[in-house]
Structures are given as structure tokens and as C-alpha cells.
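Notes follow once the structure below has been shown.
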Amino acid sequence: MADDLDMLRASIEAAIAEAADPRALDAVRVSALGKSGEVTALLKSLGALPPDERKARGAQVNVLKGEIERALENRRVTLEAFALDARLAAERMDVSLPPRPSAPTGPDAGSIHPISRTMEELIALFGAMGFAVAEGPDIEGDWHNFSALNIPDHHPARQDHDTFYLTAPEPGARRPVLRTHTSPVQIRTMLTQEPPIRVIVPGRTWRADHDATHSPMFHQVEGLVIGRDIHMGHLKGTLVDFLRAFFGIADLPVRFRSSYFPFTEPSMEVDIGWSRKTGELGQGGDWLEILGSGMVHPKVLANVGLDPRVWQGFAFGMGIERITMLKHGIPDLRPFYEADLRWLRHYATSPLSPFTLHDAA
Ligand code: DAH
């Protein structure tokens, strides 16, 4: 090969070897093989040569071009391998280290989600009143979720557009549901525990609803008390004490308003005093519905084999998101499930911070 081509090849190969990253390598490629590159210029100059010289020279330039292309490709592969090694070294982790050498503080510290926090508070407050925690499955049978609770076949809560139904296990059988409330755990508890009973049931519930105040998955807490001489005074005292302690307002106005639920008789909705204008709880002369309650319906007791002439009790149910939003002034339900760290830093609480059990008046 002619000396000038040898020299050119040596200088391009040196530049390739020096290119430290894909960008520098690309610059070398352009200066050699690009539109106005050195090798391209040689190819263009062939046309000016006499035909007998052109053939030999053309073959030599093409060999040079092939060599440069191969050198570029080899260097590219090498650089990629370097980059991968560097990344692996930078992201190396020592799996033998303990997960938390010391409890982190500041913005990286773990924190308790407001839903979990409210559940902990519910368990502590009702626990102080002698309630245990009961649980049940998210996928319920039709009987537990509806029929045993005296909810008739034509009730709107059973309609397809409100309830997530699963496929029936066999033709003709009733379809299982994602439980639409925590009330089926009343049934499960009465079937498995001898009265007297005093339980709360915090847990997930499901309904086909989605907007700023409804989510297809949400949480409720159910309460159930069964005994020989339980009456409405127990219901009222328990709920007034709970609401005042939970919201931390000793004189929170509480109103019992007659209502209807298939599984209680009589049934009451419970309202707390607030100001519609400012959103402040405890004053302002307006009422806000907060939960449903009532004396357990005799048919429900009979459905689980308890004699309604011997046993009576009360039950209640409320939305955990709802009382959490009210307590902390959270305007929108959707961020509860979005795991946005900015929202969590604002509304979540430190695992170490205690909450006070306010004295209810
Ligand atoms: N299960 C009802 C609902 O999801 C709430 C409820 C109302 C529960 C009254 C009760 C009760 O235990 O007594 O809307």
C-alpha cells in the first residue's frame, strides 16, 4: 500500500484508540468516513486519475476504508464494555450489609401512611373500650356479604354496577363478590365466637366508584357488640366517646338521626357538628354525616343461630378514608393510593410519634 495511505491509516487508528467515549469515537468516524472525511476525499479523488492507476489505487483505498470501519466497530464494542463495567462498579451493592445500619431520619425516614395511622388509632381507642380486632376475606360469598345481613335479592347494593362480582364456581351458583362493606365479618364473628362479643373490623372494601371522594378500593371499620343486655345507650355512649377522642374535640357535637339499614333495627346515621363554610369540626352549626349504626336486626341474629330473645347488640360502620380526610383536612381521596413521596411527607406520620388518647368529656 502506498505510504500516504499507511500514514493516514496510522493516524486514524491512533485517533480511534484515543476516543474515550462513543461521542469522541463518532467524531473520528465523521472525520474519516463522513461526507468531507479524509477517506471519502481519497475516494472522490480517484476519478481524476488515469484509468490504469485508478484501479490499483481504488482497491487500496477501499481496503483502507474496510480497515477503518472494522477498527471503529471494535472500539465501539470495547467502549460499551467499559461503560457497563463502570456502571456495575458504581451501582455495586454489598448484600451483606444490614438493611438499616441506623434508623434513617429526615426526608428519607420511613413513615406511617395516614390510613394505617387511622387504623392504629381505631384499634387503640376501641381497644381501650375492650374491643378486639376481627378480620375476614376480601372475596366474600353472597350469603355473608348480603343474605345473612338481611339484604334482599332486589336491593340496589347487589346491582352489577356497584359491586365487583367474580365468576360463579359452578353453573347456577351465586357469584362471589369483592366485599362491598366490612359487615360480613359481623356474620363470620358471630358464627365462630360465643357471645358476649366486642369487635372492630378494620379492612379493605370494594365498590365500582371512582372520583375525588370515591375509590374502587377503600377501607371501612365495622363494630359489633353482642350481649344479653346491650341497649341503645351503649351504642350512643360508645360512639360519642369514640368520635370525641378520635377527633380530639372533647365537646364535639354528635347527633343520632334515624335511618335505614337492612341489618339493623332501629338504624341511625350519626352526624358530627362542623362548619360547612370553613370545614372546621366542632363548631359552626352544620352537620356532617360520619357513620351508620343501629341495633343488630333480630333476623341477622337468627341467621347466625343466636336467639334474639336472649341476645342483642349494636353495630356500626364507617369509612376510614373519610374520617382520615376530615381529621387531617385532606381534600382529595385519590393521592391516598398514589405513593407520591411529596404527599406522604406532608400527611404521613413518624413511626415513633405517639398519639394522645384524649379524655372524652
Ligand atoms: N355496611 C354499611 C355500609 O357500608 C355501614 C353500616 C351501617 C355498618 C350500619 C353497620 C351498621 O354495622 O350498623 O354502608
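Can you tell me which condition Gly130 does not meet? The list is (1) in the same structural domain as Tyr337 (by TED's automatic domain parsing); (2) part of a helix (DSSP H, G or I), and all the others hold.
Among (1) in the same structural domain as Tyr337 (by TED's automatic domain parsing); (2) part of a helix (DSSP H, G or I), the lone unmet condition for Gly130 is (2).
Name every residue in region 280-328 that is among the small types (Gly, Ala, Ser) and farther than 16 Å from His231 by Cα, in order of residue number.
Gly282, Gly284, Gly285, Gly292, Ala302, Gly305, Gly317, Gly319, listed by residue number.
What is the one condition in (1) within 21 Å of Met232 (Cα to Cα); (2) away from the ligand (no atom under 16 Å from the Cβ) that Trp343 does not satisfy?
Of the numbered conditions (1) within 21 Å of Met232 (Cα to Cα); (2) away from the ligand (no atom under 16 Å from the Cβ), the odd one out for Trp343 is (1).
Name every residue in region 192-251 that is more than 13 Å from the ligand (Cβ to nearest atom) and either outside the structural domain of Val270 (by TED's automatic domain parsing) or among the acidic types (Asp, Glu) (or both), in order of residue number.
Glu194, Asp211, Asp229, Asp241, Asp251
Collect the residues in region 192-206 that are touching a residue at least 24 places away in the same chain (Cβ under 8 Å) and open to solvent by 90 Å² or more (accessible area, probe 1.4 Å), keeping them in residue-number order.
Of everything in region 192-206, those that are touching a residue at least 24 places away in the same chain (Cβ under 8 Å) and open to solvent by 90 Å² or more (accessible area, probe 1.4 Å) turn out to be Pro196, Arg198, Arg204.
Any residue that is at pLDDT 95 or above and open to solvent by less than 50 Å² (accessible area, probe 1.4 Å) - is there at least one of those in region 164-177?
Within region 164-177, one or more residues are at pLDDT 95 or above and open to solvent by less than 50 Å² (accessible area, probe 1.4 Å).
Could you please find all residues in region 282-323 being of a type outside the set (Phe, Trp, Tyr), farther than 29 Å from Pro196 by Cβ and out of contact with any His (no Cβ under 9 Å at 6 or more places or on another chain)?
Scanning region 282-323 gives Gly282, Gln283, Gly284, Gly285, Asp286, Leu288, Glu289, Arg322.
Pick from region 299-319 the residues that are within 15 Å of the ligand (Cβ to nearest atom) and open to solvent by 60 Å² or more (accessible area, probe 1.4 Å): which of them is nearest to Leu239 (Cα to Cα)?
Once the filter is applied, the top-ranked residue is Gln312.
When region 17-38 is examined, which residues are found to be in a helix (DSSP H, G or I) and either within 14 Å of Leu64 (Cα to Cα) or open to solvent by 50 Å² or more (accessible area, probe 1.4 Å) (or both)?
Matches in region 17-38: Ala17, Glu18, Pro22, Arg23, Asp26, Ala27, Arg29, Val30, Ser31, Ala32, Leu33, Glu38.
Provide a single number: the residues in region 84-104 that are open to solvent by 100 Å² or more (accessible area, probe 1.4 Å), at pLDDT 65 or above and in a loop (DSSP other than H, G, I, E, B).
Residues meeting the conditions: 5.
Scan region 107-131 for residues that are open to solvent by 30 Å² or more (accessible area, probe 1.4 Å) and β-branched (Val, Ile, Thr) and report the count.
2
Is it the case that some residue within region 1-8 is more than 18 Å from Ala56 (Cβ to Cβ) and surrounded by 15 or more Cβ atoms within 10 Å (Cβ to Cβ)?
Taking every residue of region 1-8 in turn, none turns out to be more than 18 Å from Ala56 (Cβ to Cβ) and surrounded by 15 or more Cβ atoms within 10 Å (Cβ to Cβ).
Exactly one of these conditions fails for Ile187: (1) part of a loop (DSSP other than H, G, I, E, B); (2) in contact with a helix residue (DSSP H, G or I) (Cβ under 7 Å, 6 or more places away or on another chain). Give me its number.
Condition (1) is where Ile187 drops out.
Which residue, of Asp160, Asp153, is under 29 Å from Leu306 (Cα atoms), modelled with pLDDT under 95 and more than 11 Å from the ligand (Cβ to nearest atom)?
Being under 29 Å from Leu306 (Cα atoms), modelled with pLDDT under 95 and more than 11 Å from the ligand (Cβ to nearest atom) holds for just one of Asp160, Asp153, which is Asp153.
Tell me which residues, restricted to region 252-261, are buried (at least 18 other Cβ atoms within 10 Å of the Cβ) and within 12 Å of the ligand (Cβ to nearest atom).
Phe261
I need a count of the residues in region 320-336 that are open to solvent by 80 Å² or more (accessible area, probe 1.4 Å) and either hydroxyl-bearing (Ser, Thr, Tyr) or closer than 20 Å to Gly223 by Cα (or both).
Count: 1.
Looking at region 229-239, is at least one residue surrounded by fewer than 20 Cβ atoms within 10 Å (Cβ to Cβ), farther than 30 Å from Trp143 by Cα and under 32 Å from the mean Cα position of the chain (by Cα)?
no
Starting from residues that are of a type outside the set (Lys, Arg) and within 16 Å of the ligand (Cβ to nearest atom), keep the ones in region 320-332 and report whichever is farthest from Val270 (Cα to Cα).
The residue in question is Glu321.
The values are calculated or read from the model by the stated rules, or taken from the named source; none is laboratory data. Since the structure is predicted, the reported quantities are computational estimates derived from the model, not experimental observations. Glycine gets a Cβ as well: all are built from the backbone with ideal geometry, and neighbour counts include every protein chain shown. Quick note on the areas: whole protein, heavy atoms, side chains included, nothing else; ligands and nucleic acids left out. Shrake-Rupley method; radii C 1.70, N 1.55, O 1.52, S 1.80 Å.
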